[in-house]
Structure formats: C-alpha cells, structure tokens
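Engineer: Pasting a structure below so you can have a look.
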Amino acid sequence: MNKSKPIRLVIVDDHEVVRIGLCAVLNLTPGMKVVGQGGRVKEAKKLCHHLKPDLVLLDIRLPDGSGVDAAREILAKCPDTRVLFLTSFADDHTVLEAILSGAQGYILKDIASNALIRAIRTVASGQALIDPRLTKHTLEWLSTMYSEPGQSKRSLLSPQEQRLLPLVAKGLTNKEIAHDLRLSEKTVKNYLANIYSKLNIGRRSQIAAFYAGSFKGSGALYPSRLSESVKADRERTTPHLNSY
C-alpha cells in the first residue's frame, strides 16, 4: 500500500449507529478514509467489488448471511483488499471460522478507538492480528498447530485415517466421504473419532487446518482456501499472531 495515500476503508455492520460512529472516528483520523458502508453480505461484496478498498471492517453475523462467507468471496475476488473482523463474538468456533476464511485480523467491538486505529494500520500494512483477549484455548491451539511440524503429528495417524484428511478439508460430509472411499458411514465416524483423539482436536475445521499446516512450505493450499470444511462443523491461515 502506498504510504502517501490514505487507507481506504469499507465498513460493514448491520447496526447503523455503529457504522455512523466508526465513520466519525475514522474519517477524523489522519491517513484514513471511509469510502463505503453497508449492513449486509450482499452490500459488502458489491462495495468491495466496485470500490476495491484497502481494508474492510466486517462483522461476523449479518442479516442476510455470514461475514465469514462474505470474507471468503471478497478475498477471492479482491486479492488486494484485507479483511479485519470487528465483532462481539469471541467463542472458539467463530474465531476459528474467521481465521480459516483467510481474514487477516479479528478484534472485538469493545476495543478502544485508539487501539482500533492501530489495529487497522497493522492489518493494512500487511501484518496479521488477533485480539489478545480472545479465549486462551483458541490462541494456544492456533499457536501449537503452526509451531509444531505437521508431518510429525501426521505420523500419529494410520494410513486409513490419513486418507480422510483431504476429504474433510474439502468440506465433504461423512456420507460423501464414505461414498468416495467405499467405506461404511460408521467406519468413517470411527476414523474421525481416532483422528480427534490422536491430534487432541474436536472439530472438522481443525482437521482442515491441520491438513493444510502439515504441508506448510510445500506450496499446498493453506486453510484460507479450505474454509468450506467449517460448514460441516455445524453438524491466508493466520499463523502470525500479533497483539497491539
């Protein structure tokens, strides 16, 4: 991003009062300019497509869909735009979904205005950031997953269990995996139970992150491209964790 130009921002939040407040703060901040705002997924995608902002401040839950789905499409179609989630949701699963979407930052809405400005500048400059107040479990899991060699953990799995990894990462259901591998659905469930136990994880989205992380450095896809798998959990990974 050219430092001589302001950071061009799009704000997407379904609460008008929140948008007005953010616009007031950010437009008064040197080096920042709000170029668009909306309250729905459809508006988020349209604004980013037409305006090509440097950064979009995005809420997780919107009236017409998920901010995670919006982030995935925005990042695919506007690769120069960075996504910073600004939300009130801090549960493990929501945070993991957001990170797997490829978003570059995740902060909570009760953040102080000066900290928000620093967060925007951090993400706009090309760094990744996650609110340090988020649950210890999520942060520890992410840190461990991307600091330990994935291949060594992968050796804990049997060849049969390893066959499931890419299929889970693609977002396939147990029934679809069973069909692809010519196994019974019960066998697939047993293999998944073994994987959860051996890797000390509990969600399909974590399997996707593990699968991608085990190929880190090999040119394989990272979890930002594998986020479809989190949909089955309702049955530009970010390994660099900054604080502000």
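The values are calculated or read from the model by the stated rules, or taken from the named source; none is laboratory data. None of these values were measured; they are calculated from a predicted model. Glycine also receives a Cβ, built like all others from the backbone with ideal geometry; neighbour counts cover every protein chain displayed.
Engineer: Can you pull out the residues in segment 106-123 that are assigned to a loop (DSSP other than H, G, I, E, B) and in contact with a Ser or Thr (Cβ under 6 Å, 6 or more places away or on another chain)? Let's see the steps before the verdict.
Structural biologist: Pass one, segment 106-123, residues assigned to a loop (DSSP other than H, G, I, E, B): 109-112.
Result: Lys109, single match.
This table checks each residue for (1) within 16 Å of Asp131 (Cβ to Cβ); (2) touching a strand residue (DSSP E or B) at 6+ places or on another chain (Cβ under 6 Å).
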| site | (1), (2) |
| --- | --- |
| Asp13 | no, no |
| Met32 | no, yes |
| Arg40 | no, yes |
| Ala44 | no, yes |
| Ser66 | no, no |
| Ala98 | yes, yes |
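Engineer: If you don't mind, there's one more thing I want to ask. Take the residues in segment 68-82 that are more than 13 Å from the chain's Cα centre (by Cα) and modelled with pLDDT of 90 or more; name whichever of them is surrounded by the most Cβ atoms within 10 Å (Cβ to Cβ).
Structural biologist: Only one residue tops the list, namely Thr81.
Engineer: Conditions: (1) touching an Asp or Glu at 6+ places or on another chain (Cβ under 9 Å); (2) in a loop (DSSP other than H, G, I, E, B). Ala103 meets all but one. Number of the miss?
Structural biologist: Failing condition for Ala103: (1).
Engineer: If you don't mind, there's one more thing I want to ask. Part of a strand (DSSP E or B), surrounded by 20 or more Cβ atoms within 10 Å (Cβ to Cβ) and assigned by TED's automatic domain parsing to the domain that holds Asp13: which single residue out of Leu86, Leu96 fits that description?
Structural biologist: Details: Leu96 fails: part of a strand (DSSP E or B).
Sole residue among the options that is part of a strand (DSSP E or B), surrounded by 20 or more Cβ atoms within 10 Å (Cβ to Cβ) and assigned by TED's automatic domain parsing to the domain that holds Asp13: Leu86.
Engineer: Just to be sure I understand the filter: pairs with C-beta atoms under 8 Å, separated by 6 or more residues or on different chains, first member in segment 77-96 and farther than 16 Å from Asp13 by Cα, second member among the basic types (Lys, Arg) and assigned to a loop (DSSP other than H, G, I, E, B). Which pairs pass?
Structural biologist: Taking only residues 6 or more apart or on different chains, the pairs are Cys78/Lys52; Asp80/Lys52; Thr81/Lys52; Ala90/Arg133; His93/Arg203; Leu96/Arg203.
Engineer: Taking helices (runs of 4 or more DSSP H) that do not extend beyond segment 142-212, which have at least 2 residues that are at pLDDT 75 or above? If you could, list the steps in order and put the result at the bottom.
Structural biologist: Details: elements: 150-154, 159-162, 165-169, 174-181, 185-199.
Output list reads 159-162, 165-169, 174-181, 185-199.
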